[in-house]
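Asker: First, the structure itself, so that you have it in front of you.
The values are calculated or read from the model by the stated rules, or taken from the named source; none is laboratory data. Keep in mind that what you see is a predicted model, and the values were worked out from it rather than measured. So basically every Cβ, Gly included, is an ideal-geometry build from the backbone, and we count neighbours across all protein chains shown. Surface accessibility is based on the protein's heavy atoms, side chains included, excluding ligands, DNA and RNA. Shrake-Rupley method; radii C 1.70, N 1.55, O 1.52, S 1.80 Å.
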Amino acid sequence: VSCWSLQLGSHPLAAMLCCDTTYQPLIGKGNSRNLAGAASDGSPVAKIRRAATNADIVQFTTAIYYVEEDEEKLVVDVMRLGSMKGTVKVRYYTEDGSAKKGISYEETFGELMFEENEYRQSIEIRTIANAYWSATMEFKVHLADPDSCNLGHHLHSCRVKIIDTDTFPSNKYREHLLKGEEGLESISASGLFTEYFKLCFLQVPSISWRTVMCLLFDQLKNVYRYVTLCLNIYIVDVLCNLNKDTEEQLLRPTREGTAVVIGLLYVAPMLILHLWDILKAKMDLVGHLRLYLQASLFRRYLNYSEESRASVPPADMQHALSLGCKGAANGYMKVLHLFQKMGQLAVFTYFTLLENPDAIYLLMAMPSLMFLFLTCKSCCSSDSEDRKDTEAQVLSLAAEVCQRYRLIADYFQRPQMNEIFARKTDELRRQSVPEAVQGVNSEYFPKWLGPLFVGVYVALYSPSVFDNSVSLGTFLAMIHVMKDISSEFAEAYDIILDLTDTFESIKALTVFFNKATDLLMWKKVNRQRREATRQARDELFKNSHDENREQGVYKTDQIKMRIDGMTFGWVDHFGNKKDILMNVTSQVDQGKLVAVVGPHGSGKKTLLSLLGHMIFPQDGQIFIPSHLRILHVTQEAYILNLSPWRNLIFGCANPNSVDPERIKMILNMLEMKTTLDLIKKDLEKQAELRAGHKPADDSEAEESEDEEETDMNKSKGDDETWHESLTYSEKVKIHLARALIMNPEVLVLQRPLHHYDDLNAGKVLEVLYTHVHERGLGLPEKGRWHRRPRSC
């Protein structure tokens with residue numbers, strides 16, 4: 001272990017590259033299959049027994065692979081580490097994630113055989129292009145059934161990210177959408193909504209058949225309405241008409257019996273309508289759409305570039321994930337409701353043509369006037385934009401006060417903030433009044449149509465009833481039709497207003513969905529690292545294929561981490577580029593503790609962010625072997641709203657298999673007595689859990705290879721205020737301990753000693769020395785030389 005400074009470019013910089021490599025191989029004994037019962041269809045496999053062994057290691061070359069969906073295929077590399085003696089085999093298979101086989105990729109499985117001195121193989125997986133937009137999808141590839149070899153502890157599984165470069169909701173407006181919010185304003189709201197509707201119907205799983213069912217069975221209500229109109233005419237013209245001429249038209253021998261039948265015809269269809277509405281609620285069309293939008297947006301946000309993430313305030317993203325996605329999903333359903341209303345208009349038209357065709361012009365005049373009203377209203381200017389801007393200012397002010405309260409209170413600015421807030425809210429109130437008045441007038445327009453047309457119809461067609469050319473039942477039924485059309489148009493108008501709000505939600509979601517991600521950059525860097533690793537291994541194995549040159553030395557571990565001609569700079573507010581690092585070239589061996597030092601403003605933090613892959617060089621390359629995991633640890637301590645135990649094991653692949661003794665040892669090394677007291681019960685519980693599922697050779701066990709999704713849900717007993725009583729030093733130690741517990745091969749720490757006095761800084765530095773020297777803290781000495789070097 002060494003500690004030295006690097007001279008990078010024109011600045012003496014100091015970066016703590018911390019690498020933790022704790023490899024504990026997953027053993028495969030001879031020809032036995034430790035993954036007993038593993039199915040070829042990619043179903044979960046049994047646990048793999050772990051034990052000390054000198055057998056070769058087979059693993060993927062990186063944890064994540066990237067492919068664009070239109071590339072058609074992806075090559076997944078598999079590497080062999082060790083003596084290269086003899087033949088080894090391993091099975092592989094794909095497993096669905098958010099990407100599904102047969103839809104996003106072709107299911108792939110088979111067996112890899114490494115002949116003697118063969119140190120690299122590859123798996124080809126074909127992707128399936130989709131004409132429609134989708135969020136970044138993932139699936140897994142697993143290695144299993146090792147024969148005469150061991151599987152890598154962390155890299156026996158990998159993830160594949162399928163990158164979709166289409167724009168949301170479609171590529172029809174691609175040129176406009178790539179311009180951001182300015183380009184979006186040039187797209188018609190109806191056109192954008194149409195593309196959104198097509199995306200939901202054609203792309204979202206199970207939405208198409210649910211939509212068709214809603215469109216068809218919602219018309220049952222219109223059929224029922226037509227039946228009731230006919231029944232109304234029958235009641236007046238036949239059932240209640242005591243003339244003997246009507247007795248032949250009775251459904252039963254007596255009028256009383258006929259009345260019972262009519263009553264049943266009124267009631268019975270309601271059972272069908274009720275059952276359909278229950279089924280419709282269980283189908284949960286809106287819920288499925290909302291889930292799709294929320295999951296896609298959340299996944300998109302996690303893949304944002306640093307610039308995109310910085311441009312989206314957390315409150316805006318929270319609003320989009322909740323109300324925005326809900327509004328967009330409801331908007332889809334509103335269109336189906338409009339179709340139902342159109343069906344009702346068709347029913348009324350058919351009824352009028354059948355019973356009183358002379359009045360059809362009145363029936364057609366009502367929707368024509370409504371359409372004319374909506375057209376005029378859309379052409380009129382509205383003050384709603386000013387009201388929305390003021391509302392946004394009020395919300396922004398409230399968020400700023402909540403986030404910066406301490407500063408406001410310390411500078412005695414609370415009265416001023418109260419005055420500003422009161423002034424803004426009063427301005428919002430005043431701007432809302434004209435909009436409310438306009439809303440009342442708009443609401444009453446369809447309400448006026450009903451009485452107006454009923455009055456016209458009564459005045460014009462009453463004589464037809466007097467001369468018996470129109471029956472009384474038909475006359476009364478037409479009055480009901482006029483009223484119903486009026487009320488239906490009022491409901492349709494409300495739906496249209498809701499759709500207008502939906503347009504705004506979809507516009508906002510479109511902006512968020514089309515913000516730049518760093519996936520293409522990650523793909524480029526990932527493939528560069530894999531290719532550079534391949535070339536480095538080829539060079540190392542050129543003369544000899546035996547990796548074990550001496551005890552504990554793998555040839556692959558001799559690959560140096562390099563910076564080759566790297567340049568990086570920022571663009572200031574005036575558009576001028578300022579280079580921070582120029583043409584930097586350096587290298588360092590794996591398994592070193594490296595400090596980067598330099599004067600203020602020399603680019604230390606920037607360099608570490610580049611090494612941690614938080615940002616990427618604008619020119620040149622940073623090469624860290626692709627099979628090494630990199631963890632960037634910020635200077636600021638982040639504590640999640642979870643229990644102390646869950647905070648500490650947050651980076652562990654399978655929290656249920658964490659060794660409590662190892663965690664206890666790390667916390668003792670960092671002198672974290674308070675945290676130890678907080679997790680005392682968790683340590684006991686974890687010890688009991690491991691005792692019930694003890695590995696075959698517990699002395700060599702590091703942690704189970706089976707990945708398990710980290711539980712981010714708060715448990716019943718989680719106390720969200722536990723960290724408020726901790727000292728600042730304890731919080732930053734939790735921040736560091738979490739990284740040491742995760743145990744990555746390359747640990748990039750931003751000013752890790754900044755928080756402590758000289759005495760405690762020396763103790764923390766000693767822990768980092770031990771982490772590098774022992775290739776991970778609290779791990780078995782016996783397997784030390786089979787673990788990858790830790791660099792810090």
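Asker: Quick check on segment 309-344: of everything there that is open to solvent by 10 Å² or more (accessible area, probe 1.4 Å) and among the small types (Gly, Ala, Ser), which residue is nearest to GLN403 (Cα to Cα)?
Answerer: ALA315
Asker: Out of GLU547, GLU491, report the one residue that is among the charged types (D, E, K, R), at pLDDT below 90, open to solvent by less than 30 Å² (accessible area, probe 1.4 Å) and over 34 Å from the mean Cα position of the chain (by Cα).
Answerer: Numbers: GLU491 fails: open to solvent by less than 30 Å² (accessible area, probe 1.4 Å).
Result of the check over GLU547, GLU491: GLU547.
Asker: Right, something else. Name every residue in segment 437-482 that is small (Gly, Ala, Ser) and under 17 Å from ILE233 (Cα atoms), in order of residue number.
Answerer: SER462, SER464, SER469, SER471, GLY473, ALA477
Asker: Looking at the structure I just gave you, is VAL633 within 30 Å of TYR756 (Cβ to Cβ), more than 30 Å from the chain's Cα centre (by Cα) and either modelled with pLDDT of 95 or more or aliphatic (A, V, I, L, M) (or both)?
Answerer: The answer is no for VAL633.
Asker: Next question. Restricting the search to segment 729-749, which residues are farther than 21 Å from HIS773 by Cβ and over 28 Å from the mean Cα position of the chain (by Cα)?
Answerer: SER729, GLU730, LYS731, VAL732
Asker: Sort out which residues of segment 228-268 are of a type in the set (D, E, K, R), surrounded by 15 or more Cβ atoms within 10 Å (Cβ to Cβ) and over 21 Å from GLU355 (Cβ atoms), and write them in order of number.
Answerer: ARG255
Asker: Then there is this: The conditions are (1) farther than 20 Å from PRO367 by Cβ; (2) surrounded by 15 or more Cβ atoms within 10 Å (Cβ to Cβ), and ASP410 fails exactly one of them. Which is it?
Answerer: Unmet for ASP410, out of (1) farther than 20 Å from PRO367 by Cβ; (2) surrounded by 15 or more Cβ atoms within 10 Å (Cβ to Cβ): (2).
Asker: I need a count of the residues in segment 652-673 that are open to solvent by less than 70 Å² (accessible area, probe 1.4 Å) and within 11 Å of LYS733 (Cα to Cα). Reasoning before the result, please.
Answerer: So the first thing to find is which residues in segment 652-673 are open to solvent by less than 70 Å² (accessible area, probe 1.4 Å), and the list is 652-655, 657-660, 662-663, 666-667, 669-670, 672.
Remaining after also requiring within 11 Å of LYS733 (Cα to Cα): 666-667, 669-670, 672.
The number of residues fulfilling the criteria is 5.
Asker: In segment 48-82, which residue that is small (Gly, Ala, Ser) and modelled with pLDDT of 85 or more is surrounded by the most Cβ atoms within 10 Å (Cβ to Cβ)? Even if it seems obvious, please write down each step before you answer.
Answerer: Just the residues of segment 48-82 that are small (Gly, Ala, Ser), to begin with: 51-52, 55, 63, 82.
From the residues that got through so far, the ones that are modelled with pLDDT of 85 or more too are 55, 63, 82.
Numbers: ALA55: 20, ALA63: 17, GLY82: 25.
Filtering first and then ranking leaves GLY82.
Asker: Moving on to the next point. Tell me, yes or no, whether segment 624-641 has at least one residue that is open to solvent by 20 Å² or more (accessible area, probe 1.4 Å), of a type in the set (Val, Ile, Thr) and part of a strand (DSSP E or B).
Answerer: yes
Asker: Taking segment 295-326 on its own, how many of its residues are part of a helix (DSSP H, G or I) and either farther than 19 Å from ILE162 by Cα or free of Cβ contacts under 8 Å to residues at least 12 places away in the same chain (or both)?
Answerer: Step one: list which residues in segment 295-326 are part of a helix (DSSP H, G or I), which gives 295-302, 306-311, 314-326.
Okay, now just the ones that are also either farther than 19 Å from ILE162 by Cα or free of Cβ contacts under 8 Å to residues at least 12 places away in the same chain (or both), so 302, 306-311, 314-326.
Qualifying residue count, segment 295-326: 20.
Asker: So for segment 778-785 (the condition being of a type in the set (D, E, K, R), at pLDDT below 95 and part of a loop (DSSP other than H, G, I, E, B)), does at least one residue qualify? Before the answer, list the steps.
Answerer: To start, the set of residues in segment 778-785 that are of a type in the set (D, E, K, R) comprises 781-782, 784.
Within this subset, residues satisfying the condition of being at pLDDT below 95 are 781-782, 784.
Of the ones still in play, those that are also part of a loop (DSSP other than H, G, I, E, B) are none.
No: segment 778-785 contains no residue that is of a type in the set (D, E, K, R), at pLDDT below 95 and part of a loop (DSSP other than H, G, I, E, B).
Asker: While we're here: Does any residue in segment 218-229 that is in contact (Cβ under 8 Å) with a residue 60 or more places away in the chain come within less than 7 Å, Cβ to Cβ, of a residue that is open to solvent by 50 Å² or more (accessible area, probe 1.4 Å) and among the aliphatic types (A, V, I, L, M) six or more places away or on a different chain, and which pairs are these?
Answerer: none
Asker: A further question on this structure: Tell me which residues, restricted to segment 557-567, are surrounded by 21 or more Cβ atoms within 10 Å (Cβ to Cβ) and closer than 14 Å to SER586 by Cβ.
Answerer: MET561, ILE563, MET566
Asker: Which of the following residues is assigned to a helix (DSSP H, G or I), touching a residue at least 40 places away in the same chain (Cβ under 8 Å), of a type in the set (A, V, I, L, M) and closer than 15 Å to THR500 by Cα: MET333, MET370? Can you show your working first?
Answerer: Details: MET370 fails: closer than 15 Å to THR500 by Cα.
Going through MET333, MET370 in turn, just one is assigned to a helix (DSSP H, G or I), touching a residue at least 40 places away in the same chain (Cβ under 8 Å), of a type in the set (A, V, I, L, M) and closer than 15 Å to THR500 by Cα: MET333.
Residue-by-condition table, conditions (1) of a type in the set (A, V, I, L, M, F, W, C); (2) over 30 Å from THR87 (Cβ atoms); (3) touching a Ser or Thr at 6+ places or on another chain (Cβ under 9 Å):
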| site | (1), (2), (3) |
| --- | --- |
| ILE128 | yes, yes, yes |
| TYR132 | no, yes, yes |
| THR136 | no, yes, yes |
| ASP147 | no, no, yes |
| LEU184 | yes, yes, yes |
| PHE193 | yes, yes, yes |
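Asker: Hey, another quick one. Of the residues in segment 751-770, how many are touching a strand residue (DSSP E or B) at 6+ places or on another chain (Cβ under 7 Å) and either of a type in the set (D, E, K, R) or at pLDDT below 95 (or both)?
Answerer: The first filter runs over segment 751-770 and keeps only residues touching a strand residue (DSSP E or B) at 6+ places or on another chain (Cβ under 7 Å), leaving 752, 768.
Of the ones still in play, those that are also either of a type in the set (D, E, K, R) or at pLDDT below 95 (or both) are 752.
Of the residues in that region, 1 qualify.
Asker: Sort out which residues of segment 97-116 are out of contact with any Ser or Thr (no Cβ under 6 Å at 6 or more places or on another chain), open to solvent by less than 60 Å² (accessible area, probe 1.4 Å) and of a type outside the set (Gly, Ala, Ser), and write them in order of number.
Answerer: LEU112, PHE114 - these are the residues of segment 97-116 that are out of contact with any Ser or Thr (no Cβ under 6 Å at 6 or more places or on another chain), open to solvent by less than 60 Å² (accessible area, probe 1.4 Å) and of a type outside the set (Gly, Ala, Ser).
Asker: While we're looking at this one, here's another question. Can you tell me which residues in segment 345-357 are without any contact (Cβ under 8 Å) to a residue 12 or more places away in the chain and open to solvent by 70 Å² or more (accessible area, probe 1.4 Å)? Before you say what the answer is, go through the steps one by one.
Answerer: Within segment 345-357, the first condition is being without any contact (Cβ under 8 Å) to a residue 12 or more places away in the chain, and the residues that meet it are 353-354, 357.
Within segment 345-357, LEU353, LEU354 meet the criteria.
Asker: Still on this structure, please answer the following. Could you give every pair whose Cβ atoms fall below 8 Å, whose first residue belongs to segment 121-142 and is under 17 Å from MET79 (Cα atoms) and open to solvent by 10 Å² or more (accessible area, probe 1.4 Å), and whose second residue is part of a loop (DSSP other than H, G, I, E, B) and modelled with pLDDT of 95 or more, counting only separations of at least 6 or pairs across chains?
Answerer: Correct list of pairs: GLU124/THR108.
Asker: In contact with a Ser or Thr (Cβ under 7 Å, 6 or more places away or on another chain) and not in a helix (DSSP H, G or I) - does that describe any residue in segment 471-481?
Answerer: Scanning segment 471-481 turns up no residue that is in contact with a Ser or Thr (Cβ under 7 Å, 6 or more places away or on another chain) and not in a helix (DSSP H, G or I).
Asker: Looking at segment 584-605, I want the residues that are open to solvent by 70 Å² or more (accessible area, probe 1.4 Å) and have a partner that is in a loop (DSSP other than H, G, I, E, B) with Cβ atoms under 9 Å, at least 6 apart or on another chain. Which pairs are those?
Answerer: THR585/GLY9; GLN587/LYS560; VAL597/SER5; LYS605/GLN635; LYS605/GLN750; LYS605/ARG751
Asker: Is it true that some residue in segment 95-110 is within 17 Å of GLY152 (Cα to Cα) and either of a type in the set (Lys, Arg) or in contact (Cβ under 8 Å) with a residue 12 or more places away in the chain (or both)? So that I can check it myself, show each step before the final result.
Answerer: Narrowing segment 95-110 to residues within 17 Å of GLY152 (Cα to Cα): none.
There is no residue in segment 95-110 that is within 17 Å of GLY152 (Cα to Cα) and either of a type in the set (Lys, Arg) or in contact (Cβ under 8 Å) with a residue 12 or more places away in the chain (or both).
Asker: Pairs, please: C-beta under 7 Å, at least 6 apart or cross-chain, first residue over 19 Å from LEU297 (Cβ atoms) and in segment 168-188, second charged (D, E, K, R) and open to solvent by less than 100 Å² (accessible area, probe 1.4 Å)?
Answerer: As it stands, the answer is LYS172/GLU195, since those pairs meet every condition given.
Asker: Please work out if LEU452 is open to solvent by 80 Å² or more (accessible area, probe 1.4 Å), under 30 Å from CYS376 (Cα atoms) and among the hydrophobic types (A, V, I, L, M, F, W, C). Before the answer, list the steps.
Answerer: Values: open to solvent by 80 Å² or more (accessible area, probe 1.4 Å): yes; under 30 Å from CYS376 (Cα atoms): yes; among the hydrophobic types (A, V, I, L, M, F, W, C): yes.
Spelling it out, LEU452 is indeed open to solvent by 80 Å² or more (accessible area, probe 1.4 Å), under 30 Å from CYS376 (Cα atoms) and among the hydrophobic types (A, V, I, L, M, F, W, C).
Asker: So for segment 194-203 (the condition being in a helix (DSSP H, G or I), closer than 26 Å to ASP518 by Cβ and open to solvent by 50 Å² or more (accessible area, probe 1.4 Å)), does at least one residue qualify?
Answerer: no
Asker: Within segment 716-734, count every residue that is modelled with pLDDT of 80 or more and small (Gly, Ala, Ser).
Answerer: 2
Asker: What do you reckon, is LYS179 modelled with pLDDT of 90 or more, surrounded by fewer than 16 Cβ atoms within 10 Å (Cβ to Cβ), more than 21 Å from the chain's Cα centre (by Cα) and part of a loop (DSSP other than H, G, I, E, B)? Don't jump to the end; show me each part of the working.
Answerer: Details: modelled with pLDDT of 90 or more: no; surrounded by fewer than 16 Cβ atoms within 10 Å (Cβ to Cβ): yes; more than 21 Å from the chain's Cα centre (by Cα): yes; part of a loop (DSSP other than H, G, I, E, B): yes.
No.
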